[in-house]
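The values are calculated or read from the model by the stated rules, or taken from the named source; none is laboratory data. This is a predicted model, so every value here is computed, not measured. Heads up, the Cβs are rebuilt from the backbone with ideal geometry, glycines too, and the neighbour counts pull from every protein chain shown.
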Amino acid sequence: MGTVGTETANPATPEVGQALEEGWTLPASWYSDEALLRIERRKIFERSWQYAGRSEQVVEPRSFFTTQAGHVPTVVVRDRDGDLRAFVNVCRHRGHIVAQGEGCRETLQCPYHAWTYDLDGSLRRAPRSEREPGFDPAGFSLLPMSVDTWGPFVFVNPDPDAAPLAETLGELPALVARSGLDLGVLRFHDHYEWEIGVNWKIGLENYLECYHCAVAHPGFSKVIDVAPDAYELRTSATFSSQFGPVRESALAGNGKAPYVPRGEVTQAQYHFIWPNTTINIDPGPANISIERWVPVGTGKVIEVSDYWFGEDVSDEQKKELIDFGTQVALEDVSLCESVHQGLGSGMVPRGRLMGQSEQLIAHFQRLVFEALAD
Ligand code: FES
Ligand SMILES: [Fe+2]
């Protein structure tokens, strides 16, 4: 019994849940199983709020940008009336991607056979449809998604009936405000994309602990105090946070730190928003970066990162902060690739979490488990 036709049994068994309770990790097979990724797409990525792009890209009526919500091609539009909308960016005719890039348009036209959609998603014109008896354009609108903003950030959720974004964010905006940053005055700097050959969960689990920092990030650890009693971890229902104090030696400029973290931000903050958005605020001049982690296969994730700085941050300071983040990211990529290889061997069926230092991973894995069990 177990399987019926091509339907695979739900992998989120009580046994897996029990192992998580006891401090074990998710099974190693969950990081390479194609069927499991299909379930994750349906039960996680098609139902959750994810960072999509920048509010400033859709200020003007008729402006739009394209993005991904997990595997879901997405177009975010400011319609003629000024309402923000998001749609699944897949043509209702035969599935071509409708809009490309970003810009300003009166309509969204699919390049394959020129089906043309209004900015409210309705199908305005389908060539030769007058020759098709009974063809009703009303049945072929672009599929709506939920969309909302938090300051400079646009979030989307493929579920058109999703609960408001604010419920997912909870007290996170207040925590970010406490860092000293005013999101309203930041200026967008640049956009980066990293393709990493690992399962999406490996990338995020690495993000969620700093147990490895002293070992693997020597430069980072000269700026941030990563000692277990100094570095604070906190979980909430739908997000989790890491708070890292700045080392005095780095502030004094005598600790061989990669940069001197002086400025309005006095504490590092690293936030994770379920399921795949991360936010980084490094100590020093006003800065923030936000990422979405897009799974493009069991063994590949694309990390898309947008950076903002305060308007008076110098080019030199920007470079220092970007170099700081890039160094950490390069170190993390090689750690994650090694874990992906090790888990892929199947020889170690599950790992053992360190309950204190890795509590944010436990929180993440519990959310993955609960989503799949649902
Ligand atoms: S697939 Fe879009 S018009 Fe044919
Ligand atoms: Fe790391």
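Here are the numbers for the structure shown:
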| read-out | value |
| --- | --- |
| Residues of segment 207-219 classified as touching a strand residue (DSSP E or B) at 6+ places or on another chain (Cβ under 9 Å) and among the hydrophobic types (A, V, I, L, M, F, W, C), total | 3 |
| Check on Arg85, basic (Lys, Arg) and away from ligand 1 (no atom under 16 Å from the Cβ) | yes |
| Candidates Gly180, Gly184 - the one that is closer than 30 Å to Lys318 by Cβ, modelled with pLDDT under 95 and in a loop (DSSP other than H, G, I, E, B) | Gly180 |
| Within segment 60-108, considering residues that are among the hydroxyl-bearing types (Ser, Thr, Tyr) and over 23 Å from Asp136 (Cβ atoms), the one surrounded by the fewest Cβ atoms within 10 Å (Cβ to Cβ) | Ser63 |
| Test: residue in segment 362-374 that is aromatic (Phe, Trp, Tyr), within 16 Å of ligand 2 (Cβ to nearest atom), farther than 22 Å from Val215 by Cα and in a helix (DSSP H, G or I) | yes |
| Residue tally, condition among the small types (Gly, Ala, Ser) and free of Cβ contacts under 8 Å to residues at least 60 places away in the same chain, over segment 141-190 | 6 |
| Scan of segment 181-208 for residues that are surrounded by fewer than 19 Cβ atoms within 10 Å (Cβ to Cβ) and over 22 Å from Leu36 (Cβ atoms), ordered by number | Asp182, Leu183, Gly184, Val185, Arg187, Phe188, His189, Asp190, His191, Tyr192, Glu193, Trp194 |
| Subset of segment 309-352 (residues that are away from ligand 2 (no atom under 16 Å from the Cβ) and either in a helix (DSSP H, G or I) or closer than 19 Å to Val226 by Cβ (or both)) | Asp315, Glu316, Gln317, Lys318, Lys319, Glu320, Leu321, Ile322, Gln341, Gly342, Leu343, Gly344 |
| Residue match in segment 149-171 (condition: within 30 Å of Glu56 (Cα to Cα), in contact with a His (Cβ under 8 Å, 6 or more places away or on another chain) and either among the hydrophobic types (A, V, I, L, M, F, W, C) or away from ligand 1 (no atom under 16 Å from the Cβ) (or both)) | no |
